[in-house]
Amino acid sequence: MSDEQLPPDQPLGPNNGTPLHGSAPPPSLGEGLVTGGATGAVSGVKPVRKPVGDLADHFLSCSKLGRYLTVSDGSRFVITDDFRTESVQLEAAAVASIYSKDNLVAQAALLPLGDRAHRLAPRQKEKFERLFTLIEEQALSDVVQTSARAIREASFRAVEIRAIEAELGDKLSPARQCYRRFLEVVKSLMDRKVTAGPFLDEFRAFTQDIAGRLDFGIYSFCLDRLFGSLRVPMKVKKLLVLELLNYSPLIRRELLTNILAYPGQSRELVDFVKYMVQTELGNNTAIEIELLEAFKLQRLSLADIEGSLMSGVAS
């Protein structure tokens with residue numbers, strides 16, 4: 001099966017195919033999860049080595065920067081499937097349920113928390129009662145607030161947790177079927193059976209159909225494959241970039257920087273993206289995208305970017 005046909009329910013990274021949890025035991029609180037270095041610099045800033053950190057801290061840092069949640073090495077975005085096992089740190093799941101910009105991911109993060117509480121003795125459930133009360137009060141998503149309240153009020157009974165899991169599955173299944181159908185259109189484009197105009201129409205319909213119903217990480221995964229494939233004509237890639245310019249700022253920033261940071265990306269496409277950002281979106285947006293690109297390429301740390309953004313707000 002080719003990269004372009006990878007099923008969306010396999011939680012693999014678009015760049016290196018690395019699972020979030022893999023076969024190794026999940027890291028415990030305090031273990032190093034973010035390591036590595038890079039060469040190069042942006043705006044005179046020296047390259048940095050990404051600090052060792054905790055998965056919950058990493059999720060929190062992403063939310064502070066207004067980002068969708070990513071895996072600790074930044075290779076891809078977290079998707080709902082990542083929370084279908086119990087290998088995620090409970091602290092990280094709690095942060096994801098409160099702060100994830102992806103409502104489906106935030107709701108999925110509740111499931112391992114509720115399941116853990118369900119298996120505890122009544123006296124041991126008190127800390128989870130407090131946690132779910134906090135989620136009710138602080139979660140960005142109204143749906144997550146409602147789900148957390150329902151689980152807590154049902155005393156973490158398995159039937160309530162399974163009901164929410166089923167509801168989540170009902171939202172994901174049609175969208176993932178749509179995703180698979182769109183992959184066939186992508187394949188037709190690569191085989192030169194579909195031209196740029198009809199493909200763009202199919203892309204717009206695909207985006208409209210999955211909006212709000214499919215994990216952002218899977219949508220991003222699909223676009224990574226489009227922009228990273230040598231079989232997709234450059235004309236089509238540029239037309240897609242023009243589409244992305246009209247997206248909401250948060251989604252646009254993530255998707256455009258994914259293009260810029262994709263390994264081996266063509267210089268022609270990188271130059272085109274940067275030119276269109278500067279021309280159509282202005283200097284402030286161009287700087288934000290440059291900073292996030294630098295982070296994804298490991299030229300800047302999260303702290304560096306957060307400081308730069310805060311300085312921009314202060315000025």
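Every number here is computed from the coordinates shown, using simple stated rules; none is lab data. No experiment lies behind these values; they were computed from the predicted model shown. Every residue, glycine among them, receives a Cβ derived from its backbone with ideal geometry; neighbour counts consider all protein chains shown.
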Completion exercise
Two pseudo-spin positions, 7 Å from Cα along C-beta at VAL270 and at ILE287, lie apart in nanometres by 2.3 nm
Practice task
Only residues of the range 57-73 count here: report those whose backbone N is under 16 Å from the spot 7 Å along Cα→Cβ of ARG116, or say none.
Solution key: 57-60
Exercise for the section: Return the distance in nm (one decimal) between the two label points of a simple spin-label model at SER75 and ASP209, each offset 7 Å from Cα along Cα→Cβ. Expected result: 3.0 nm
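As a footprinting exposure proxy, order MET190, MET234 by other Cβ within 10 Å, with the fewest listed first. List each step's numbers first, then the result.
Numbers: MET190 17, MET234 12.
Listing MET190, MET234 from fewest to most nearby Cβ atoms yields MET234, MET190.
Quick one: if the Förster radius is 35 Å, what FRET efficiency do GLU153 and SER173 give, using the C-beta to C-beta distance and rounding to 0.05?
Working: r = 27 Å, r/R0 = 0.78.
The value I calculate is 0.80.
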Fill in the blank from the handout: Once Lys and Arg are counted +1 and Asp and Glu -1 for all other residues with Cβ under 9 Å from that of GLY66, the total becomes +4
